[in-house]
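Participant: This is the structure I want to talk about, given as structure tokens.
The values are calculated or read from the model by the stated rules, or taken from the named source; none is laboratory data. This is a predicted model, so every value here is computed, not measured. Neighbour counts are summed over all protein chains in view; Cβ atoms, including those assigned to glycine, are modelled from backbone coordinates with ideal geometry. Side chains included, ligands, DNA and RNA excluded: accessible areas come from the protein's heavy atoms. Shrake-Rupley method; radii C 1.70, N 1.55, O 1.52, S 1.80 Å.
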Amino acid sequence: MPTASKAHDAASPPAEISFAEAFIYWLKLGFISFGGPAGQISMMHQELVERRRWISEHRFLHALNYCMLLPGPEAQQLATYIGWLMHGVKGGIAAGVLFVLPSLFILIALTWIYLAFGNVPSVAGILYGIKPAVTAIVVFAAYRIGSRALKNAVLWAMAAAAFVAIFALSVPFPYIVLTAGAIGYFGGRIAPNKFKTGGHHGDGQKGYGPALIDDHTPPPEHSRFRWARVITYGAVGLLIWFGVMAVLFVQFGWQGGFTQMGWFFTKAALVTFGGAYAVLPYVYQGGVEHYQWLTGVQMIDGLALGETTPGPLIMVVAFVGFVGGWTKELFGPESLALAGMAGATVATLFTFLPSFLFIMLGAPAIESTRGDIKFTSPLTGITAAVVGVILNLAVFFAYHVLWPQGFSQPFSVQTLVTGFEWFSALIGVLAFIALWRFKIGIIPVIGVCGLVGLGYALIKPIISA
């Protein structure tokens, strides 16, 4: 009897999800969303598409394709999109805010510890174990997304070409996206079967069963495109931006530190095509060289914290804002921590506000184009290219984790081997096997790897002696 009931459940879509239940999931996701955008997207796919079946594979990928086109953190925008699709504006705001808020609090605490107490060996040991685990998560995400999105040789070839373009030729990500979209558009006209989306031929529909928001589920009323809504949401977003900027201007003047942070991080939010790594040079140039909020070494340390805390990697802006408020003593020498918290909050607000607007304004139009090959084929091409970009991110992580000092010069096999972190490589391989072969969850893998790194850091001095 239980077997029959279970089969019936698998053959029927889940029951309606309340806003409170979704709220709890988005809150949990904010605390466990490690692994950068690739790991976070993989985590949402595993939970929302495969296990809970809140949304179908096709609808998930369609939303992801749109978010890949936007400037800003695509994983946070994807969470906002799905939350909006399920529960309207309040669902989108809850999903997007909760994706960021835990990371903001954690980074504020860690940055305060970093500035007040300096480097702690035990913390460095934990990070040593977590970094190869994060690399394994990204590799696993590339495998999972690629195995589901790359349905034919044409899409595989596009993924490979995107990897070569960004890895070997250093082609900027926006050019890769535009090229992939153009190929998808014309390919959809010439060979539409190669660029179709949907789960009817995919593994997802065979393995997961019907979803609450399925391929053919009619769009809810709040997702229908209305010009009145576009104008209203746009006006509210601009009002928030102008309102906060006006307060900063009145309190600190145009040249004040917080006002300049608001303006700088607004510009940063609008040029983050290609994810966090594409905007890091811009943030480095502004934060380190122009405004001198922090040093280059501090920027690298902030990136390490951003890589190993939950939330989008672009949350490194909170670190920059905190250090800027602290070092510039924007509230005076007696209130360094308060100035740091204010700087982190300002940086986060102005970085993520455009992301919410992009979803609220654009998602209804994207939902209305789901069945039109003219619109879906470019997005299919972009998804294929993004798989190659994710693989490039995995290579980037692996290089910095396995050769933390870089390749020694002059380059030779001996110098290559000498600088190689063998224990990190072992942790990364075991983490990937745990994820891929034994289906162990991401958080247990990160936790165990962190403990292994801590243990290694404690016994290494004894072994060396």
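Participant: Viscosity 1.306 mPa s, temperature 10 °C: Stokes-Einstein D of the range 125-181 from its Kirkwood Cα radius, in µm² per second? Display every interim value, and only then the final one.
Facilitator: Numbers: Rh = 13.1 Å.
Diffusion coefficient, whole number: 121 µm²/s.
Participant: For the chain, compute the number of Lys pairs whose alpha carbons are separated by less than 29 Å, excluding pairs fewer than 8 positions apart on the same chain.
Facilitator: Value for the chain: 22.
Participant: Averaged per residue, what accessible surface does the chain expose to a 1.4 Å probe, in Å²? Each step should come with its number before you reach the end.
Facilitator: On the way: 21330 Å² over 465 residues.
Computed with neighbouring chains in place, this is 46 Å² per residue.
Participant: If I stretch the segment between R52 and N152 completely, what's the gain in nm (0.36 nm per residue apart, minus their alpha carbon distance), one decimal?
Facilitator: 33.2 nm
Participant: Calculate the FRET efficiency for L270 and S368 from the Cβ-Cβ distance with a Förster distance of 22 Å, rounded to the nearest 0.05.
Facilitator: Computed FRET efficiency for L270 and S368 comes out at 0.30.
Participant: Keeping all protein chains in place and using 1.4 angstrom, which order do H222, H45 fall into by accessible surface area, from largest down?
Facilitator: Largest accessible area first, the list is H222, H45.
Participant: Probe radius 1.4 Å, ligands and nucleic acids ignored: give me the carbon and sulfur share of the accessible area of the range 132-184 as a rounded percent.
Facilitator: 77 percent
Participant: May I pose another question? Can you give the accessible area of F352, probe radius 1.4 Å, in Å² rounded to 10?
Facilitator: Accessible area, nearest 10 Å²: 10 Å².
Participant: Using the charge dipole of the chain (Lys, Arg: +1 at Cβ; Asp, Glu: -1 at Cβ; taken about the Cα centre), state which of Y208, G30, A337 has its Cα farthest towards the positive end.
Facilitator: Farthest along the dipole direction, towards plus: Y208.
Participant: Measuring from label point to label point, each 7 Å out along Cα→Cβ, what is the E334 to A191 span in nm?
Facilitator: The two pseudo-label positions are separated by 7.2 nm.
Participant: Evaluate the charge dipole of the chain about its Cα centre and quote only its size in Debye, nearest 20, assuming +1 on the Cβ of each Lys and Arg and -1 on the Cβ of each Asp and Glu.
Facilitator: Approximately 920 debye in magnitude.
Participant: How long is the gain from A124 to V244 if the chain were fully straight, where each residue apart is worth 0.36 nm and the alpha carbon distance is subtracted?
Facilitator: Details: separation 120, 0.36 × 120 = 43.20 nm, distance 3.74 nm.
Length gained between A124 and V244: 39.5 nm.
Participant: Something else about it: Rounded to the nearest 500 deg cm²/dmol, what is the calculated helix-only ellipticity per residue at 222 nm for the chain, with -39500 (n - 2.57) per DSSP H run of length n ≥ 4?
Facilitator: -24500 deg cm²/dmol
Participant: Considering every pair of different Cα atoms, what Kirkwood radius, in Å, is found for the range 50-143?
Facilitator: Evaluated on the range 50-143, it is 15.9 Å.
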